[in-house]
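Step one of this worksheet: look at the structure below.
The values are calculated or read from the model by the stated rules, or taken from the named source; none is laboratory data. Please read these numbers as outputs of a predicted model, since none were measured by experiment. FYI the Cβ positions are ideal-geometry reconstructions off the backbone, even for glycines, and counts take in every protein chain you see.
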Amino acid sequence: MSKAEQVYSFVDYKLQGIYRSGSSQAASLAKLRRGVGKQPGASSDVWEITLAEMPESLFGYRGEPSYAEWAIHLALTLFAIHQQGKSEAVNAPGISFGQAVSRLIEPDRKNESGIKSRFDAVMTAKSIDRFAHYTRALVQLMRAKDVKMDYPLFAKDIFDYQFNADRVRLRWAEAYYRVDISSEMTES
């Protein structure tokens with residue numbers, strides 16, 4: 001299994017645990033939210049959630065977070081923001097980041113330029129810190145508009161983004177601009 005697939009599986013496993021945790025779910029989400037905007041390892045509150053049971057191959061060395069640790073940390077902390085105040089799961093298998101962002105656009109499209117400029121900021125971020133900052137703003141909009149996303153896939157994409165940003169940008173852009181032709185045909 002590739003490291004990207006391990007990241008996907010690990011985040012999926014962690015989300016299942018959070019959803020199963022019942023009364024401790026709120027505590028887990030609160031801990032994760034305290035890690036938002038920080039580097040992996042900077043907040044001891046999240047270590048138990050982001051590092052416990054992580055495959056050895058994903059750990060960083062010499063005190064520097066690995067690409068996998070960044071992907072896992074970002075996906076889980078942003079998930080915690082998205083899930084805050086929601087009783088229904090916000091993790092939705094099969095809905096990529098690009099698709100989720102496109103669902104933020106209102107039917108009359110009057111908010112399209114604002115959403116597009118935020119999406120462009122994510123897509124052109126020059127550092128993982130800026131990427132996290134811009135992505136957080138979109139996730140907060142997703143929470144407000146009840147738009148769901150596949151967080152294990154998001155983690156995998158963040159991992160891949162650090163190696164080949166252009167490939168991930170293209171996948172997200174394709175998903176953002178993809179139009180469901182079958183629904184357009186029925187409207188005509």
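Could you check the stretch 14-38 and list, in sequence order, the residues that are closer than 15 Å to V90 by Cα and surrounded by fewer than 17 Cβ atoms within 10 Å (Cβ to Cβ)? Q16, G17, Y19, R20, Q25, A26, listed by residue number.
Here S24 fits the description: modelled with pLDDT under 95, small (G, A, S) and more than 21 Å from A137 (Cα to Cα). Taking helices (runs of 4 or more DSSP H) as the structural unit, those lying wholly within the stretch 1-90 and holding at least 2 residues that are at negative phi and over 14 Å from the mean Cα position of the chain (by Cα) correspond to 3-20, 25-34, 44-50. Scanning the stretch 84-100 for residues that are out of contact with any Lys or Arg (no Cβ under 8 Å at 6 or more places or on another chain) and in contact (Cβ under 8 Å) with a residue 60 or more places away in the chain returns P93, F97. Does V46 satisfy the condition of being touching a residue at least 60 places away in the same chain (Cβ under 8 Å) and β-branched (V, I, T)? The answer is no for V46. Scanning the stretch 96-134 for residues that are in a helix (DSSP H, G or I) and of a type in the set (G, A, S) yields G98, A100, S102, S113, G114, S117, A121, A132. When the stretch 142-172 is filtered for residues that are surrounded by fewer than 17 Cβ atoms within 10 Å (Cβ to Cβ), at pLDDT 95 or above and hydrophobic (A, V, I, L, M, F, W, C), the ones remaining, listed by number, are A144, L170. Report yes if some residue within the stretch 39-53 is within 15 Å of S9 (Cα to Cα) and either of a type in the set (F, W, Y) or crowded, with 17+ Cβ neighbours inside 10 Å (or both); otherwise report no. The answer is yes, given that some residue of the stretch 39-53 is within 15 Å of S9 (Cα to Cα) and either of a type in the set (F, W, Y) or crowded, with 17+ Cβ neighbours inside 10 Å (or both). Within the option set A75, A4, being under 24 Å from A92 (Cα atoms), buried (at least 22 other Cβ atoms within 10 Å of the Cβ) and either modelled with pLDDT of 90 or more or not hydroxyl-bearing (S, T, Y) (or both) holds for one residue only, A75.
Scanning the stretch 78-97 for residues that are at pLDDT 95 or above, more than 19 Å from I49 (Cβ to Cβ) and surrounded by fewer than 24 Cβ atoms within 10 Å (Cβ to Cβ) yields A92, P93, G94, I95, S96.
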